Amino acid sequence: MTTRIDTRFADLKSQGRAAFVTYVMAGDPDPATSLEIVKALPKSGADVIELGIPFTDPMADGPSIQAAGLRALKVGMTLKKTLELVRDFRKGDNVTPLVLMGYYNPIYIYGVDKFLADAKTSGVDGLIIVDLPPEEDDELCIPALKAGLNFIRLATPTTDDKRLPAVLANTSGFVYYVSIAGITGAAAADANVVGEAVARIKRHTRLPICVGFGIRTPEAARAIAEKADGSVVGTALVDALKNSLDAEGRATAKTVNAVAELTAALAQGVKGAQQAAE
């Protein structure tokens, strides 16, 4: 089985450059604007899209992404509507890898088998479910792999060499390395520390390693892209969206462009890493 994620990373590897991975919350600030934002991401330079599943109790998310989830829930966004958004996106883009990122509870309520079938037919390529450890692989990870979806696992600064094999055992697509110990948007990533961590993880896996949490600027994205197989940016894009909203939290004429312009600047940073490495 070769997924869009596998194909994209193989293509980027042949080009000698890292991936730029973007994260936005599904349904933020409303379903129609959210779809336009997701459509704009690949055109602005995103190589992979992570789409957040709105959830009421997001324990790993910082204030910005928590607020984005609440905005989406307030306008009625659900897991079913998130899959509809993916289906609508796929009408115009059948190549950009799209990963759903979130928590297990909405999937459990939806029903695992039904969710996996619907996710696959909608055009989802992979899952990042942050609150399911390897010990729970039978819950969702193994069924997802059987359904043809990548299951992407998080590794963190506290994931030592003894724990890594368990974390990597059923991981596919790529490994998401969390650059800081804490919530999203809480601190800046240190490229040198990240480089050492990536090198350590690479001794255990041949999968691409993408680094997220704490990357907000084109310069930071470039520095990480010189050390890893991909830079992931979420909070900065979510903040750009939030700052474009009106006083009532509704989308304005600036909203889609605010996210697209920052995406383009960050993408240039990541692509600049290739030149630095040559």
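At most 16 other C-beta atoms within 10 Å and a DSSP loop state: those are the exposed trypsin sites (Lys or Arg not before Pro) I care about. Give me the longest piece of the chain that has none. Longest run free of exposed loop sites: 1-90. Note on the chain: GNM, Cα springs under 10 Å; of G52, G173, G16, the largest mean-square fluctuation is that of G16. For a paramagnetic label modelled on R203 (point 7 Å from Cα along Cα→Cβ), amide N atoms under 13 Å away belong, within the stretch 149-181, to 160-165. When all protein chains stay in place and ligands, DNA and RNA are ignored, the 1.4 Å accessible-area order of I142, I180, largest first, is I142, I180. Cross-link partners of K91 among lysines, defined as those whose alpha carbon lies under 16 angstrom from its own and excluding same-chain residues fewer than eight positions apart: K39, K43, K81, K120. The separation of the stretch 27-66 from the stretch 69-89, counted between C-alpha centres, amounts to 10 Å.
Here the spin labels are modelled as points 7 Å beyond Cα on the Cα-Cβ line, and at T217 and A181 they lie 2.6 nm apart. With a cut-off of 11 Å between beta carbons, the residues surrounding R4 carry a summed charge of -3, where Lys and Arg count +1 and Asp and Glu -1.
Computed 3J(HN,Hα) for the stretch 13-29, one whole-Hz value per residue from the Karplus formula 6.51 cos²θ - 1.76 cosθ + 1.60 where θ = phi - 60°, is 4, 5, 7, x, 9, 7, 8, 9, 10, 10, 10, 9, 8, 4, x, 9, x, glycine and proline marked x. Electrostatic tally near P133: other residues with Cβ closer than 13 Å to its Cβ, Lys and Arg +1, Asp and Glu -1, net -4.
Put simply, the amide H of D131, placed in the peptide plane, has neighbours under 5 Å in Y104, leaving out anything fewer than 5 places away on its chain.
Taking the protein heavy atoms of the chain in the context of the full set of protein chains, the accessible area attributed to carbon and sulfur is 52 percent at 1.4 Å. Gain on full extension, evaluated as 0.36 nm per residue between E196 and K43 minus their Cα-Cα distance, stands at 51.8 nm.
Residues considered: G111, G126, G148. Largest GNM mean-square fluctuation over the chain, using C-alpha springs under 10 Å, is found at G111. What the phi angles of the stretch 158-171 give under the Karplus curve with 6.51, -1.76 and 1.60, with θ = phi - 60°, is a coupling list of 9, 7, 8, 4, 6, 7, 3, x, 5, 5, 8, 3, 10, 6 Hz, glycine and proline written as x. What net charge is computed for the residues neighbouring A223, neighbours being all others with C-beta under 12 Å from the C-beta of A223, Lys and Arg scored +1, Asp and Glu -1? Result for the local shell: 0.
Applied to the stretch 63-76, the Karplus parametrisation 6.51 cos²θ - 1.76 cosθ + 1.60 on θ = phi - 60° returns per-residue 3J(HN,Hα) values of x, 5, 6, 4, 5, 4, x, 5, 4, 5, 5, 4, 9, x Hz, with x for Gly and Pro. Once backbone amide H atoms are built at 1.01 Å from N, A19 has G230, S231 as its partners under 5 Å, excluding neighbours fewer than 5 places away on the same chain.
Average accessible surface for the chain: 43 Å² per residue, computed with a 1.4 Å probe over protein heavy atoms with every protein chain in place.
A compact globular protein would have a Cα radius of gyration near 2.2 N^0.38 Å; the ratio found for the stretch 62-159 is 1.11. Computed over the Cα atoms of the chain, the ratio of the radius of gyration to the Kirkwood radius (Rg/Rh) comes to 0.93.
The values are calculated or read from the model by the stated rules, or taken from the named source; none is laboratory data. Quick caveat, the model's predicted, so the values are computed rather than measured. Glycine also receives a Cβ, built like all others from the backbone with ideal geometry; neighbour counts cover every protein chain displayed. Each accessible area value is taken on the protein alone, full model and side chains, heavy atoms only, with ligands, DNA and RNA left out. Shrake-Rupley method; radii C 1.70, N 1.55, O 1.52, S 1.80 Å.
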